[in-house]
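Below: one structure, written as structure tokens.
A short reminder: the numbers here are calculations on the coordinates, not readings from a lab. What you see is a predicted model; the values in this text were computed from it and never measured. With ideal geometry, Cβ positions are generated from the backbone for all residues, glycine too; neighbour counts draw on all protein chains shown.
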Amino acid sequence: MKTRVLHKILIVASLLAMGLVSSVHFFATKTEVYMSGTIAISPDLEDFSTGISTLFITLFDASSASPMPWGAQRVALNKDKKSGKFYEFILTEDNLRRMGAAGGSDTPPSRFRIKARLDLNGQGGMDQPGDMTGEVRDVAYGSQDIHVLIHKRIQSELHSAHP
């Protein structure tokens, strides 16, 4: 219990520092924090990122074979070239769009697979040529400091089954 409260305090402090929250009123809510961390891009893909203004962060139930995401967040970015660690995320029940996977359960899975995708056309769905992706498997609920490296560029008409 103390760890969860400390985690929430650290998240609120981070949100205040980033200007994403303007008051400590946020702390009074019962917002579930699924995980937090950073998204980075591999140096060999940086030049391809110019002009891309949509990032999808997608969570999957690590114990499920279903290609349906458990939830996703769509992030609007500027069209500038991305380099290094370009985005910090805190995924909560308030900013994650639930998709109804895992049998429609409202209970978060204990373990996730997280995927980050710089999306060339800004549309959800399957990976398309020109999109760039990275993922981390087997991430525990409530994890902090997750580092997702975008290192793969989709090049062919063969699409991945995961958004």
Worksheet, complete the sentence: The ³J(HN,Hα) series, computed from each phi in the stretch 146-154 with the Karplus coefficients 6.51, -1.76 and 1.60 at θ = phi - 60°, rounded to the nearest Hz and given as x for glycine or proline, is 6, 10, 9, 9, 7, 9, 10, 10, 6
Worksheet item: How much length, in nm to one decimal, is gained on full extension between residue 74 and residue 141, taken as 0.36 nm per residue of separation minus their Cα-Cα distance?
Response: 22.1 nm
Practice prompt. Please give the peptides 128-140, 71-83 ranked by average Cβ packing (other Cβ atoms within 10 Å per residue), highest first, as a rough proxy for protection.
Written response: 128-140, 71-83
Worksheet entry | the stretch 33-153 - percent relative contact order, Cα under 8 Å, separation 6 or more | 37
